[in-house]
Amino acid sequence: MPKTFAFVGNLNRNALPGKGKGISVFQFDGETGDMTLASEYLAIDNPGYLAIDEKRQRLYAAAEVPAWNENLAAAFDIDPSTGALSYINMQSTLGNTTCHLGFDQTREMIFASNYTVAELGVRPGNAITAFALRADGGLEPAFAAAIHEGQNAILPTEKRQHGHCAVASPDNHTVFVCDLGLDRIMAYRLPKKGESLSLAVTPFTQMPEGAGPRHMVFHPNGKIAYVINELNSTVSVLDYNPENATLTVIQTLPALPDDFTGTNTCAEIAVSPDGRFLYGSNRGHNSIVSYSIAASGEITLIGWTPSQGIGPRNFAIDPSGKFMLVANQKGGGIAIFKRDIHTGALEDTGKRVALETPMRIVFGTFH
């Protein structure tokens, strides 16, 4: 019988003594939504973002430590019967505050995004870094990188870079990088191993001043992308033209109720497996916002579901589409919701996983 595991990255550096857990691995019951702790991997600093290659049974983690000029990306084998992690290797991400790892479509390359809180000009200072993956799943040393700020910026700008995610286009020709500081979605030709990162024909999409594009996801149809804007709490729908790597904003909706007056930052965004619903997370309003997706890709607001905690940094829909796990980074642990696959509605099951600082959840099913 196949087994499904939920891998959870947690802050553990500078967390309260005994509270940080590194990477927690849970066996997930797709019928009940129950999570049973299977193993823990503690020998890593602040694994704030995880990426999984189910087919090759490997997990990748970004070690996000703002005090270091260079952060790290680590590779692990996954035991398909227990979910336990076995360390392969680690490489420098050539930048500060690594907050995202994204594969190309072949899963033979991975891109690290560096948010950067180091002082301007601190080396090496890259916003995006490219790695090739070895046959054993390990990371080769970075073969390409690019800076988005200062005198060495790939494009002139006076703003500070805050690279927040790198996403390969469905045709695997372009890698898009959401830069929250620049209010741009940068576009690079997807490099081959050993090539440099060069700008695409359309080098960037300019988002509104102060929007803060954070995370981006493509619709399963490959024609539409969705971006959650952290700073102005909106969600944008973009048409993708693969001929010139152009993203065109066709719609933007609020992620918050009109009557909310508190402080909020958005975080995660995801499309349901069937492509019919879109979800985003609000930190401050502490909710998951839900939208329906039309055939055109445009969205209609459904409503908000309390995250049952504080600071929902991340959430993940299970492989069946029937559950959603919400990682409340600043209080409340992981909350488990039922998801109606027909209406997209979320219902709190009342089930919780007591983790102090959950940052990222990924699922893996193994046969």
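Values for this structure:
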| read-out | value |
| --- | --- |
| Extension gain from residue 43 to residue 108, taking 0.36 nm per residue of separation minus the Cα-Cα distance | 20.9 nm |
| Long-range tail of P(r) for region 104-160 (Cα pairs > 14 Å, %) | 57 percent |
| Cross-link pairs 21/351; 3/351; 19/55 - those with Cα-Cα distance over 28 Å | 19/55 |
| Residue with peak Gaussian network fluctuation, the chain [Cα springs, cutoff 10 Å], from 350, 210, 163 | 350 |
| Euclidean distance between Cα centres, region 298-315 to region 117-166, Å | 30 Å |
| Interatomic Cα distance distribution for region 319-367, bins of 10 angstrom, percent | 26, 47, 26, 1 |
| Calculated FRET efficiency for the pair residue 301/residue 347, C-beta based, R₀ 22 Å, to 0.05 | 0.75 |
| Over region 110-202: Kirkwood hydrodynamic radius from C-alpha pairwise inverse distances, Å | 13.5 Å |
| Zero-based 10 Å bins, Cα pair distances in region 291-358, whole percents | 22, 47, 26, 6, 0 |
| Semi-axis lengths (Å, descending) of the ellipsoid that matches the C-alpha gyration tensor of region 41-97 | 23, 10, 8 |
| Volume per residue of the C-alpha convex hull in region 200-241, rounded to whole Å³ | 74 Å³ |
| Evaluated over the chain, the Cα radius of gyration and Dmax, each in Å | 19.0, 56 |
| Contour excess over end-to-end distance, with Cα ends at residue 322 and residue 117 and 0.36 nm allotted per residue | 70.0 nm |
| R0 of 22 Å, Cβ-Cβ distance residue 292-residue 223: FRET efficiency to nearest 0.05 | 0.80 |
| Spin-label model distance (nm) - residue 276 vs residue 260, 7 Å beyond Cα toward Cβ | 2.5 nm |
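Rule-based calculations on the coordinates, nothing more; no lab input. None of the values given here were measured: they were computed from a predicted structure. When we count neighbours, we look across all protein chains shown, and the Cβ atoms used for this are built from the backbone with ideal geometry, even at glycine.
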